Amino acid sequence: MDDVRLLDSHLHLWDPGHLHYAWLEGPLAARHDVAELTAALQDAPAVSERAFVFVQADCAPEQAVDEVDWVVERAGVADIRGVVAFAPVERPSDLDDVLARLCKRPLVRGIRRLLQGEDRGFALSPEFLAGARAVARAGLTFDACVRHDQLADVVALADAVPELTIVLDHLGKPDLSSAPAARWMGDIAALAERENTVAKISGLPAEARGPWTPEGLRPYLDVALEAFGPERLMFGGDWPVSTPYGRWARFVTEWSSRLDPGDRDAILWSTAERTYRLSAAA
């Protein structure tokens, strides 16, 4: 597999001794830094090139810029090519200042404001839509992390702010307890009809909430591929939330091996590179 290059579009790192993460509990409530990532990669498939996009790990909102600076200190060692940072998209009065500070950090390529814990309609409020437009004006993408029952809101957001590139995290966190649900498949198809959307093959091991099998997850990847096509689909490891890293990365690289080399490279590398404009990152 060492002729394959792998750009992981969804990496988390954190150190609870440095920043505050109220949501951490259990085994995740520990330091997960470059040393721990290096250990996790020991079981990863061999590739010709490996790089990462860091995605904000939901530290205290007032520490968002500090989180970026902490990650940038590690970027050279871990080959982090881009950063998706937190910003208070629903608070336009605070957003301009945060965006101005973030845009001074060259590796920042996108924004994520978690939606999965919010009520339906949160991302469609006038305040959030105004913030989403500001994110687009800043030349940044928006990572949408939602539950499967919130996908319709992402569709509506894509329609309301067509100038904003929206990256769907974790395929919308589908219910993995059975075969893909008709509603989830319909919502994924509807979202893919919006040209300003891209999706990540990421996070499914965590959503399985227990042992998972390739046979159980493969239908979800197939649905996403049919809807978005390889040019709008990207791999994400979601480490350390989704573990073990090597098993998930190996599954996705093997699943994509049936595609022609260009399409496979799109999913494993070039879609993320293009979407996050990594070739332009300084």
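The values are calculated or read from the model by the stated rules, or taken from the named source; none is laboratory data. A quick note: this is a predicted structure, and the numbers were derived from the prediction, not measured. Glycine also receives a Cβ, built like all others from the backbone with ideal geometry; neighbour counts cover every protein chain displayed. Keep in mind that these areas ignore ligands, DNA and RNA; they rest on the heavy atoms of the full protein, side chains included. Shrake-Rupley method; radii C 1.70, N 1.55, O 1.52, S 1.80 Å.
Being without any contact (Cβ under 8 Å) to a residue 60 or more places away in the chain, among the aliphatic types (A, V, I, L, M) and either closer than 30 Å to Asp97 by Cβ or in a loop (DSSP other than H, G, I, E, B) (or both) is a description that does not apply to Val198.
Within the stretch 1-31, restricting attention to residues that are touching a helix residue (DSSP H, G or I) at 6+ places or on another chain (Cβ under 9 Å) and outside any loop (DSSP other than H, G, I, E, B), the residue that is farthest from Val252 (Cα to Cα) is Trp14. Criterion applied to Gly110, Gly82, Gly131 was being in contact with a Pro (Cβ under 6 Å, 6 or more places away or on another chain), closer than 23 Å to Leu191 by Cβ and open to solvent by less than 50 Å² (accessible area, probe 1.4 Å), and the one residue passing it is Gly131.
Filtering the stretch 220-278 to residues that are crowded, with 21+ Cβ neighbours inside 10 Å, among the hydrophobic types (A, V, I, L, M, F, W, C) and not in a helix (DSSP H, G or I) leaves Leu233, Met234, Phe235, Trp239. Which residues, taken from the stretch 159-183, are open to solvent by less than 30 Å² (accessible area, probe 1.4 Å) and either hydrophobic (A, V, I, L, M, F, W, C) or without any contact (Cβ under 8 Å) to a residue 24 or more places away in the chain (or both)? Listed by number, the residues that qualify are Val161, Leu164, Ile166, Val167, Leu168, Leu171. Taking the stretch 114-158 as the range and being more than 20 Å from Ser9 (Cα to Cα) and touching a residue at least 40 places away in the same chain (Cβ under 8 Å) as the test, the residues that pass are Gly131, Ala132, Ala134, Leu151.
Yes/no per residue for (1) free of Cβ contacts under 8 Å to residues at least 12 places away in the same chain; (2) closer than 30 Å to Leu164 by Cα:
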site: Trp239; (1), (2): no, yes
site: Thr243; (1), (2): no, no
site: Val252; (1), (2): no, yes
site: Leu268; (1), (2): no, yes
site: Tyr276; (1), (2): no, yes
site: Ser279; (1), (2): yes, yes
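Within the stretch 257-279, being out of contact with any Ser or Thr (no Cβ under 9 Å at 6 or more places or on another chain), among the basic types (Lys, Arg) and more than 19 Å from Glu226 (Cβ to Cβ) holds for one residue alone: Arg274.
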